[in-house]
Each structure stands twice: as structure tokens, then as C-alpha cells.
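The values are calculated or read from the model by the stated rules, or taken from the named source; none is laboratory data. Being a predicted model, the structure only gives us computed values, none of them experimental. All Cβ positions, even for glycine, are placed from backbone atoms using ideal geometry, and neighbour counts span all protein chains on display.
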Amino acid sequence: MKIFKGYFIFLWGLVFTLIFLPIKALAFCPMCVVATGAFLGIFRWLGVDDTIIGLWLGGFILSASMVFNNLLIKKGKRIRFQLFLILLVFFGLTMLFLYQFGGLSPYNKIFGIDKIVFGIILGSLLLLLASYLDKFLRKQNEGKIFISHQKMIIAISLLIIFSLGLYFVL
């Protein structure tokens, strides 16, 4: 009951913060970050392979790191290798959470790595690729986007394509 009370207080604090504090636009939309985290739980419940879950979790970790990094920059806080350090902390906390609650298994491996960890690495790399692909496309179009929400469409498209590929291969 004590843990439930702690979660209850945390959730009300989060709701209060989201309602009463203004939020500025960031590189990756915070609402998308929260939605991705919620869908990960649903995927696991539906029995989706851990590599695909890890793929989306990797995208979630990187986008959450970028959102937090941009928030710190807007507040005037900047240190050397800040994004890398934030990503390392988010990745470490995710691994700790997965280990603590049995998300990692010694029998659930691909290429000698846990399937979720493999997917997290691949998903993070895909999101980085999406960012570079967006910059490349903007450069080709004289600094302008081709379509509205181009960066988000590229990122989600890459994750969906690789999810489908992994679904049929695994």
C-alpha cells in the first residue's frame, strides 16, 4: 500500500506540472515520448517479440534524452557531452529497471545479447539515422522540409519498417 501511495503522489504531481506549467516546443514532442512509453507496456501484454519492444524502447530512450537535453539547454544549463551523459543515465536506469523487474532473461538472446538490449541499441541508432536523414533531406531542399512533420514521419517510418522486418525474420 505504501508503494501505491508513492505512485499516486507522483502521478498527481506529474498531472499538476503538466496542467499548470507552460511547455515549449522541443525537438521531439514530449507527448510522443509518453505515448511511446505507454505502448511498450501494451506490446508486451500482447506478446510482441522482445526485440521489437526493445526497438521502440530504444527510440523512446533517445527521444526522451533529447527532450530532457533541450529542456536543460532552454534553462541555460549546459555541460560538455551533456546529451551523451543524459543518454547514458537514461539507458542505465532503463537497464536497471528491466533487470530489477525481470525484463532481462539469460535465455532470451539474439547474437549473444538479450533481445531487449539488442532492440534498444538498434532503435536508438535508427532514431539517430532519422535525424541525419531529416538534415540531409532539408539540405537537398534548400533548408526547407518536404512535408509537414517530416522528422517525426521519418523516425516512425524507420521504426515501423524495421519492426515489420524483425517480425517476419524472428
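Remarks
- Meets criteria (among the basic types (K, R) and either in contact with a strand residue (DSSP E or B) (Cβ under 7 Å, 6 or more places away or on another chain) or assigned to a helix (DSSP H, G or I) (or both)) for K135: yes
- Of all residues in segment 146-159, one or more are exposed (fewer than 15 other Cβ atoms within 10 Å of the Cβ) and in a helix (DSSP H, G or I).
- Filtered residues of segment 80-100 (kept if modelled with pLDDT of 85 or more and either buried (at least 16 other Cβ atoms within 10 Å of the Cβ) or among the hydrophobic types (A, V, I, L, M, F, W, C) (or both)): F81, L83, F84, L85, I86, L87, L88, V89, F90, F91
- Taking every residue in segment 111-123 that is in a helix (DSSP H, G or I) and pairing it with any residue that is surrounded by fewer than 22 Cβ atoms within 10 Å (Cβ to Cβ) and of a type in the set (F, W, Y), at least 6 positions away or on another chain, the pairs with Cβ-Cβ distances below 9 Å are F118/F111; I120/F91; L122/F162; G123/F162.
- Comparison of L104, L127 shows that the only residue that is under 13 Å from the mean Cα position of the chain (by Cα) and within 23 Å of S163 (Cα to Cα) is L127.
- In the set (1) at negative phi; (2) at pLDDT below 90, G143 fails one condition alone, (1).
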